[in-house]
Each structure stands twice: as structure tokens, then as C-alpha cells.
Amino acid sequence: MYLKTERDPEGGWYDRYVQLVDSEGRTIEQLGKHPTLDELREIERKHSVRINLWQQGLVCYECGNQINKRFSSTLEGHLLCWDCATSKEPYEQGDLTVNTDPTKSVLSESKLHEKSLCDYVINVATGCKHGCRFCYVPSTPAIKNRDRMLEKQAEVENPQEDWGSYLLYRDDLPERTHNGLKETDFSDWKVTKRGRGAVMLSSGTDCYQDRRAAQITRGCVHELVDADIPVRILTRSPNVTRDIDLFKKSDGLVTVGMSIPSFDTSLVKALEPQAPPPQARWEALDEMFRAGIPRFVSFSPTYPTMDRDQIRETLSWFEAIDPEVVFHEPMNPRGKNFEMCLEATREAGYEHVAKDLERIQRNDQWAEYAVEHIELVQELANDFRNVTVHSWPDRKLVNSSHGDTKRKLKNMRKQVSPESFASQGRF
């Protein structure tokens with residue numbers, strides 16, 4: 001299927017009727033004049049196709065130039081050429097400042113193979129509306145080194161403190177992924193033992209946080225699967241279930257995971273203020289289970305207040321959706337984001353949590369808690385038939401440990417997760 005445009009003889013150059021037609025030229029959908037990006041992406045989803053929007057006869061809503069290369073859209077979804085899109089002032093959408101992300105890169109090599117996650121990442125946006133207080137992303141070079149861009153595109157004064165209040169979309173990412181993969185020499189593709197050549201969406205934002213991000217994500221996943229590349233999706237959003245049809249057709253190339261640190265809804269809300277509740281995330285994984293989609297859980301970060309019974313109960317919920325693996329990581333008290341966790345728990349009335357967080361700011365107390373949680377989660381997982389834990393001990397934790405503990409932690413860092421999702425791909 002492809003788009004066909006016809007000029008309105010009574011209108012100007014930019015007045016074009018748009019149709020979706022099949023390979024024999026038969027009309028499948030009448031889209032009228034100036035279909036929005038939302039309408040075009042939903043047409044793709046409805047008919048389970050990918051439509052490359054470049055050089056399709058579509059025109060910019062503002063200047064009338066044809067969309068031949070990069071593009072974005074207005075708040076209402078009207079297509080904009082790159083010149084018009086990048087000259088736009090940021091606009092407000094509720095409590096969120098929104099604009100276009102000028103990032104040039106598509107795929108980025110990643111060190112997340114150290115956690116047995118992937119060798120490459122694709123981020124569908126810069127920023128994230130969830131605003132998780134413990135999020136490490138604002139402290140990474142991907143954000144810290146782009147402060148001028150963020151100030152210009154989203155009026156961001158402090159990328160860390162403002163995290164959760166800005167979001168810059170990469171609307172044309174599916175098209176750029178398509179072109180990039182066509183030009184890729186896969187003999188040079190990075191394939192490590194633990195990353196397995198997989199691409200993860202997303203390491204720096206939630207790829208299903210809203211409809212617009214989800215549409216970008218679907219297009220990218222479609223292109224990756226068509227290229228026979230294994231894909232890992234990590235999200236906190238139940239929106240991921242909208243693409244079960246695509247995941248089913250991927251022949252096991254896609255694995256879908258949810259971050260669920262706890263089922264204490266109010267505490268999770270305090271630390272992840274805009275993210276969906278943990279029960280809704282579990283229900284999305286349950287849908288994946290019933291649909292036969294490979295799935296995993298990111299049990300991360302576990303809070304220092306969680307005791308044996310709470311961890312056991314959480315693992316029992318995970319067992320019910322039969323994940324291929326449960327990734328686990330304790331909380332790490334580093335950087336400004338940890339101070340924001342302290343502040344958030346106090347504001348929410350969780351003084352006992354705040355005291356425990358303060359306690360683990362001492363290196364010796366953090367190391368004791370982190371090792372205890374890693375060993376406890378590993379131990380309790382043995383009580384469940386369908387729970388296999390893959391731990392993520394921090395390098396600093398390994399270096400501060402001794403004897404048998406250090407050897408165990410070093411071995412955990414070398415292990416490969418037990419998933420099979422990548423076995424069907426080209427690598």
C-alpha cells in the first residue's frame with residue numbers, strides 16, 4: 001500500500017487530496033486534504049503496513065513545500081517540513097513543554113550489553129513525561145551535553161530538576177530508520193555475547209508514554225523486524241498493548257518488558273509521579289502473556305524499605321505472567337536524582353522511606369543494602385518455578401566487595417540473560 005495525492009484543480013499547489021491505495025491502484029482509504037500525522041500513523045496501524053512518508057506528495061501545512069526529507073508536526077498533528085518545524089517556538093501541552101527534537105542520530109551503540117539488554121538503542125524523544133525521580137538519564141551526556149539545545153527547544157533551565165516537564169519528539173524516526181537500515185553493512189553490526197545485536201527502545205525515554213511516542217515506536221519496530229533485527233522494548237506504559245498485532249507477526253524477534261519496582265501504588269506514585277500505576281503495567285504484561293509475546297520484567301530499582309515478605313509477594317505477581325527473565329537492580333544513591341527521591345518521599349509523607357534513603361547515602365550502608373537485596377531476590381526466586389532473576393550489580397558495588405561476595409557479583413555481571421528472543425534474527 002502507498003499514498004496517492006491528486007491536486008485540487010480549484011485550489012493551490014498545496015491543496016491535494018490524499019488516498020491510501022493498494023498495489024493495483026485501488027483506493028483503500030480516502031484521507032481528504034492535509035491528513036494529520038496522527039491520522040497517517042493510525043492508518044498504518046489499522047492496515048498493519050509501513051508507509052514511508054517521504055516523497056509521497058504530502059506537503060507542509062504552513063509553507064506548502066513537499067515533504068521530501070525530515071519533518072515533524074504541530075500540536076494538532078499537521079505535517080511540517082523541517083525548516084518550519086525547527087523554527088517553531090515550544091508550546092505547552094498541560095504541564096509539559098513540547099517541541100521537535102533536532103537530533104540527527106538514529107541508532108546509537110550502547111554499553112547496555114553489560115546488563116544483557118542490547119547492543120544498540122533508539123530513543124523516540126528527548127525528555128520523558130513520567131518524571132521518575134530516580135531516573136539516571138538527565139545525568140548522562142545525552143542530556144547534560146545538550147543543555148543549549150534543550151534551552152532553545154523547550155526553555156529548559158535545569159535538565160535534571162525539570163525532568164518530566166519537557167518532551168521533544170522525533171516524528172520522522174521511522175523514515176530515517178528505514179533509510180539507515182537500507183544503507184547498513186550488517187557485517188559491521190555490533191553483536192556482543194550479552195547484547196546479541198539487539199536494539200532497545202528506549203534507554204533514555206519511555207517509548208510508549210503517549211500516543212505520539214507510540215506511533216513513532218511502532219514504525220521503528222516495524223522497520224527493525226523487517227530487517228530481521230531483534231528488538232527489546234522497555235516501558236512503563238500499558239499503551240504497549242496497542243501493538244500486540246505487530247509483535248505477534250515478528251516471529252519471536254520482539255520481547256516486551258515493564259519496569260515494576262513495587263506494587264505499593266502510592267509510594268511508586270511519589271517516586272514516579274506521571275507514570276501509570278504498577279498494577280496497570282502488570283495487566284499489560286498479562287495481555288502479552290495471553291498473546292504469547294516474549295516478555296520480561298525490570299524489577300528496578302528495589303527500595304531499601306522492601307523486606308523479605310514484600311519481595312516475595314512481588315515475585316509471586318511476576319510468576320503469574322511467566323516472564324523469560326526478571327532483571328533486578330537495587331537503588332543507587334548517586335547524583336542529584338537521589339536528592340530528588342529524598343525530597344519526593346518526604347513530600348508524600350513517607351518519612352520512614354526518606355530515613356532509609358538517607359542511610360544508604362553512606363557507601364558502607366549502601367553496599368550492605370545492595371548486596372542484601374541482590375542475594376535476597378536471587379534466593380526468593382528459587383521458590384518460584386517461573387521466575388529466573390538476572391541481577392545487575394553496579395561496578396562500584398563489585399569493587400567495594402570482598403571474598404566470595406565479590407566473586408559472586410563479578411560472575412553475575414558476566415552472565416547472559418536466559419532469553420531466547422534474539423535466536424530468530426539475522427545474528
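Looking at the stretch 1-49, which of its residues are within 21 Å of residue 64 (Cα to Cα), in a loop (DSSP other than H, G, I, E, B) and touching a residue at least 40 places away in the same chain (Cβ under 8 Å)? Scanning the stretch 1-49 gives 12, 13, 14, 34, 36. Taken over the stretch 258-294, residues that are surrounded by 20 or more Cβ atoms within 10 Å (Cβ to Cβ) and either of a type in the set (Asp, Glu) or free of Cβ contacts under 8 Å to residues at least 24 places away in the same chain (or both) amount to 3. Only one entry of 287, 223, 283 meets the criterion of being out of contact with any Ser or Thr (no Cβ under 7 Å at 6 or more places or on another chain) and assigned by TED's automatic domain parsing to the domain that holds residue 385, and that entry is 283. Annotation note: Cβ proximity below 8 Å between a residue of the stretch 348-366 that is assigned to a loop (DSSP other than H, G, I, E, B) and a residue that is of a type in the set (Ser, Thr, Tyr) and surrounded by fewer than 14 Cβ atoms within 10 Å (Cβ to Cβ) (sequence gap 6+ or interchain) occurs for 348/266.
Look at (1) in contact (Cβ under 8 Å) with a residue 60 or more places away in the chain; (2) within 30 Å of residue 412 (Cα to Cα); (3) of a type in the set (S, T, N, Q); (4) out of contact with any His (no Cβ under 9 Å at 6 or more places or on another chain) and you find that residue 108 fails only one, number (1).
Could you please let me know if residue 171 is surrounded by fewer than 23 Cβ atoms within 10 Å (Cβ to Cβ), within 30 Å of residue 92 (Cβ to Cβ) and not hydrophobic (A, V, I, L, M, F, W, C)? Criteria not met by residue 171.
Exactly one residue out of 150, 75 is closer than 26 Å to residue 336 by Cβ, touching a strand residue (DSSP E or B) at 6+ places or on another chain (Cβ under 8 Å) and not in a strand (DSSP E or B): that is 150. Within the stretch 56-64, one or more residues are surrounded by 13 or more Cβ atoms within 10 Å (Cβ to Cβ), part of a strand (DSSP E or B) and at pLDDT 90 or above.
Can you find a residue in the stretch 189-201 that is free of Cβ contacts under 8 Å to residues at least 60 places away in the same chain and out of contact with any Phe, Trp or Tyr (no Cβ under 6 Å at 6 or more places or on another chain)? Full working, then the answer.
From the stretch 189-201, those free of Cβ contacts under 8 Å to residues at least 60 places away in the same chain are none; that's our starting set.
Among the residues of the stretch 189-201, not one is free of Cβ contacts under 8 Å to residues at least 60 places away in the same chain and out of contact with any Phe, Trp or Tyr (no Cβ under 6 Å at 6 or more places or on another chain), which makes the answer no.
Within the stretch 295-315, residues that are within 17 Å of residue 384 (Cα to Cα) have Cβ atoms under 9 Å from residues that are of a type in the set (Ser, Thr, Tyr) and in a helix (DSSP H, G or I) in these pairs: 299/314, counting only partners at least 6 apart in sequence or on another chain.
Condition check ((1) of a type outside the set (A, V, I, L, M); (2) buried (at least 19 other Cβ atoms within 10 Å of the Cβ); (3) modelled with pLDDT under 90; (4) in contact with a helix residue (DSSP H, G or I) (Cβ under 7 Å, 6 or more places away or on another chain)) across all residues:
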{"residue": "15", "(1), (2), (3), (4)": "yes, no, yes, no"}
{"residue": "18", "(1), (2), (3), (4)": "no, yes, no, no"}
{"residue": "30", "(1), (2), (3), (4)": "yes, no, no, no"}
{"residue": "47", "(1), (2), (3), (4)": "yes, no, no, no"}
{"residue": "76", "(1), (2), (3), (4)": "yes, no, no, no"}
{"residue": "80", "(1), (2), (3), (4)": "no, yes, no, no"}
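Restricting to the stretch 1-23, give me the number of residues that are of a type outside the set (A, V, I, L, M, F, W, C) and either over 18 Å from residue 44 (Cα atoms) or in contact with an Asp or Glu (Cβ under 6 Å, 6 or more places away or on another chain) (or both).
Within the stretch 1-23, the subset of a type outside the set (A, V, I, L, M, F, W, C) is 2, 4-12, 14-17, 19, 22-23.
Going one step further and asking which of them are either over 18 Å from residue 44 (Cα atoms) or in contact with an Asp or Glu (Cβ under 6 Å, 6 or more places away or on another chain) (or both), we end up with 6-12, 14-17.
Qualifying residue count for the region: 11.
Taking the conditions exactly as written (assigned by TED's automatic domain parsing to the domain that holds residue 250, farther than 25 Å from residue 297 by Cα and part of a loop (DSSP other than H, G, I, E, B)), does residue 184 satisfy them or not? Spelling it out, residue 184 is indeed assigned by TED's automatic domain parsing to the domain that holds residue 250, farther than 25 Å from residue 297 by Cα and part of a loop (DSSP other than H, G, I, E, B). The single residue among 377, 371, 387 that is surrounded by 18 or more Cβ atoms within 10 Å (Cβ to Cβ), touching a residue at least 24 places away in the same chain (Cβ under 8 Å) and outside any helix (DSSP H, G or I) turns out to be 387.
Among the criteria (1) touching an Asp or Glu at 6+ places or on another chain (Cβ under 7 Å); (2) over 14 Å from residue 256 (Cβ atoms); (3) crowded, with 20+ Cβ neighbours inside 10 Å, the one residue 305 does not fulfil is (3). Does the stretch 323-335 contain any residue that is assigned to a helix (DSSP H, G or I), touching a Leu at 6+ places or on another chain (Cβ under 6 Å) and not β-branched (Val, Ile, Thr)? Among the residues of the stretch 323-335, not one is assigned to a helix (DSSP H, G or I), touching a Leu at 6+ places or on another chain (Cβ under 6 Å) and not β-branched (Val, Ile, Thr), which makes the answer no.
Taking into account only those residues within the stretch 97-111 that are within 18 Å of the chain's Cα centre (by Cα), in a strand (DSSP E or B) and not β-branched (Val, Ile, Thr), which is farthest from residue 166 (Cα to Cα)?
Initial filter on the stretch 97-111 (within 18 Å of the chain's Cα centre (by Cα)): 98, 100-101, 103, 105-111.
Okay, now just the ones that are also in a strand (DSSP E or B), so 98, 100, 108-109.
With the extra rule that they be not β-branched (Val, Ile, Thr), the set shrinks to 108-109.
Details: 108: 22, 109: 25 Å.
Filtering the stretch 97-111 for residues that are within 18 Å of the chain's Cα centre (by Cα), in a strand (DSSP E or B) and not β-branched (Val, Ile, Thr), the one farthest from residue 166 (Cα to Cα) comes out as 109.
Scanning the stretch 201-213 turns up one or more residues that are part of a strand (DSSP E or B) and crowded, with 22+ Cβ neighbours inside 10 Å.
When you go through 115, 69, 33 one by one, which is the residue that is assigned by TED's automatic domain parsing to the domain that holds residue 142 and either over 30 Å from residue 423 (Cβ atoms) or not β-branched (Val, Ile, Thr) (or both)?
On the way: 69 fails: assigned by TED's automatic domain parsing to the domain that holds residue 142; 33 fails: assigned by TED's automatic domain parsing to the domain that holds residue 142.
Testing whether each residue is assigned by TED's automatic domain parsing to the domain that holds residue 142 and either over 30 Å from residue 423 (Cβ atoms) or not β-branched (Val, Ile, Thr) (or both) leaves just 115.
The values are calculated or read from the model by the stated rules, or taken from the named source; none is laboratory data. For clarity, every value in this text was computed on a predicted model and none was experimentally measured. Quick reminder, even Gly has a Cβ in these numbers, built from the backbone with ideal geometry, and neighbours come from all protein chains shown.
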